[in-house]
Amino acid sequence: MITPEFIDDYNEPGLSRLTDEVAHAESVLDHGGLDAVAIIDEIARFPVAAPSWAVGTGGTRFGRFPIGGEPRDTFEKVDDVAALNALTGANRTISLHVPWDNPTDPEGLRAYAEERGLAFDAMNSNTFQDNPSTTENGNISYKFGSLGNVDEGARKAALEHNLAVIDLGQRLGSKALTVWLADGMNHPGQASFRGQLTRVADGLRQIHDQLPEDWLMFTEHKPFEPAFYSSVNNDWGSSVLLAQATGERCKCLVDLGHHLPNTNIEQVVSRVAMTGRLGGFHFNDSKYGDDDLTVGSIKPFQLFLIFLELLEVGGGRMPDLAYMIDESHNLKDPLEDLIQATDAIQHTLALALCVRRDQLTDAQNDNDPARAAEVLHRAFRTDVRPLVAEARLRNRGAIDPFTAYRASGYRAAKVEERGASSVATGL
């Protein structure tokens, strides 16, 4: 474990310098009419979940290169997320994916997580590949879809799987279900567009009708993969239609990688929010498709504009939605990537909080695009690193979590404990 004592010892040499840097940042922001303390408070308040699958190395269809010391079960995945949270102070929940994570002792796992300061975020169901429970008789498969399948047996199996995930989530203390569907077509004429959408809507409605009273469910759009000709839930409009057809507690997730290149995602956020169906965010970055790259590594200004829209929804604060990092890497140490992703999220939130909304509104009302651009870029170029570090410090995290992680020797210790050839379940 990465202990609070280790964090305190690591931080101590840098405290004096950080105090000076924060004072300077406060002076600069105060001169610009901004409240640095309020910005620090919001960064410290904002949490983002870590997914269980991201603590193991990912892969592509060409290969996978395990790093060693990967978690061998869900309990060890909790350990890794607890280590991450000890460093960042912001990853306070873990999101499980069933059946990649299917604990036989949910109550024991919940207690284990609570002892480490973690709770369970939204549950994720998996009907984009055959599960052991659906193939026992050898006659049920999701090869041609799940909830949208013409095969009644496949639809029934998908429904039962989602209900089982809800039951597991209740025992873990979760309050939400994410339903990501791979249903679609690879070939023109393979299926009926209308038929698939109708069947999916009916299945989602049946799941929604059996939700616990205090739960939400999320639909998540994606234009392609694994189906390449068409996807049933291919864009934000389809996601909203499905949510509206499903029920009041069905909302829409926006995954930053689930868009075609050059999509105006900040506009998507605005539109979905205006329908009242914005439910959450999966943070990552992409160059071509669902690349699952590190948050903010490719399009940092786009991420900044997305945070502006989120703050608009929340009236100057981050709205109460489901936020999760959704990444998968086969090159980096997974925990190092999650640290960098969390830092990028905190850093970009701080930048967005530096935008003078009154000045931006005035420029917009005056039809002055040049002045509006100045307002945005003045905020985007602000050095907010001391504010982010101070927010982490308030949460008992590390001033610099990346270097603290490497100094901790955590990966080497896990290789010794778990073995150099251990491979995490899931991706």
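The values are calculated or read from the model by the stated rules, or taken from the named source; none is laboratory data. Everything numeric in this text was worked out from a predicted model, so none of it was measured. Here Cβ is always computed from backbone atoms with ideal geometry, including for glycine, and neighbour counts include all displayed protein chains.
A few points about this structure:
- In the stretch 51-64 there is no residue that is out of contact with any Asp or Glu (no Cβ under 6 Å at 6 or more places or on another chain), among the hydrophobic types (A, V, I, L, M, F, W, C) and under 20 Å from Gln346 (Cβ atoms).
- If you go through the stretch 56-110 and keep only what is part of a helix (DSSP H, G or I) and surrounded by fewer than 18 Cβ atoms within 10 Å (Cβ to Cβ), you end up with Phe75, Glu107, Gly108.
- One residue from Leu242, Leu278, Leu211, Leu260 being within 16 Å of the chain's Cα centre (by Cα) and at pLDDT 95 or above: Leu278
- Taking each residue of the stretch 179-195 that is closer than 22 Å to Asn126 by Cα and looking for partners that are part of a helix (DSSP H, G or I) and among the hydrophobic types (A, V, I, L, M, F, W, C) with beta-carbon atoms closer than 8 Å, six or more apart or interchain, yields Val179/Leu204; Val179/Ile207; Leu181/Val200; Asp183/Val200.
- Of the residues making up the stretch 138-162, those that are assigned to a helix (DSSP H, G or I) and either basic (Lys, Arg) or crowded, with 16+ Cβ neighbours inside 10 Å (or both) number 8.
- Of the residues making up the stretch 327-345, those that are within 15 Å of the chain's Cα centre (by Cα), surrounded by fewer than 24 Cβ atoms within 10 Å (Cβ to Cβ) and polar (S, T, N, Q) are Ser328, Gln340.
- Among the residues of the stretch 52-90, the ones that are out of contact with any His (no Cβ under 7 Å at 6 or more places or on another chain), touching a residue at least 12 places away in the same chain (Cβ under 8 Å) and over 20 Å from Ile7 (Cα atoms) come to 20 in all.
- Residue check for Gly279: touching a residue at least 60 places away in the same chain (Cβ under 8 Å), over 23 Å from Ala82 (Cα atoms), not aliphatic (A, V, I, L, M) and not in a helix (DSSP H, G or I): yes
- Condition check for Val375: without any contact (Cβ under 8 Å) to a residue 60 or more places away in the chain and within 25 Å of the chain's Cα centre (by Cα): no
This table checks each residue for (1) free of Cβ contacts under 8 Å to residues at least 12 places away in the same chain; (2) part of a helix (DSSP H, G or I).
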residue	(1), (2)
Leu305	no, yes
Glu312	no, yes
Pro319	no, no
Asn330	no, no
Ala344	no, yes
Val355	no, no
Asp358	yes, yes
Asn367	yes, no
Ala379	no, yes
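- Selection count, the stretch 285-304, where residues are of a type outside the set (Asp, Glu) and on the phi > 0 side of the Ramachandran plot: 1
- Residue match in the stretch 250-269 (condition: in contact (Cβ under 8 Å) with a residue 12 or more places away in the chain and of a type in the set (Ser, Thr, Tyr)): no
- Taken over the stretch 243-259, the residue count meeting the criterion of being surrounded by fewer than 24 Cβ atoms within 10 Å (Cβ to Cβ) and under 11 Å from His221 (Cβ atoms) is 2.
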